[in-house]
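I'd like to ask you about the structure that follows.
The values are calculated or read from the model by the stated rules, or taken from the named source; none is laboratory data. Note that the coordinates shown come from a computational prediction; the quantities given were computed from them, not determined experimentally. Cβ placement follows ideal geometry from the backbone for every residue including glycine, while neighbour counts extend to all protein chains displayed. In case anyone asks, the SASA skips ligands and DNA or RNA and just uses the protein heavy atoms, side chains included. Shrake-Rupley method; radii C 1.70, N 1.55, O 1.52, S 1.80 Å.
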Amino acid sequence: NRCKQELLLSLFRAAREEKGLHQTDVADALGRPQSFVSKYEAGARRLDLLELKEICDAIGIELTEFVRRFETALEARGRREG
């Protein structure tokens, strides 16, 4: 599960950076402090589905696309480790 969590966090960061956004940009769009974004990217805060949807909207990626990326990365990791 730790590996899956780390993968999820790296995908969050990558999606944000792809859009050229800083943590403060996402935090502003969410109406939250920058520390909120920092904590979930660092793994200090876990997100529920509603928060995940809000974050995807703030970043500008569809929730389904983000989940698809996560599933694809998990499958790729499984093939490398298997």
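If you go through the range 12-42 one residue at a time, how many are open to solvent by 30 Å² or more (accessible area, probe 1.4 Å) and either of a type in the set (A, V, I, L, M, F, W, C) or in contact with a Leu (Cβ under 8 Å, 6 or more places away or on another chain) (or both)?
Number satisfying all stated conditions: 5.
Continuing with this model, one more query. What's the number of the only condition in (1) open to solvent by less than 80 Å² (accessible area, probe 1.4 Å); (2) more than 12 Å from the chain's Cα centre (by Cα) that GLN5 fails to meet?
GLN5 satisfies every listed condition except (2).
Just the residues that are more than 18 Å from GLU6 (Cα to Cα), over 12 Å from the mean Cα position of the chain (by Cα) and either of a type in the set (A, V, I, L, M) or open to solvent by less than 60 Å² (accessible area, probe 1.4 Å) (or both), please, taken from the range 50-82.
Across the range 50-82, the qualifying residue is only LEU50.
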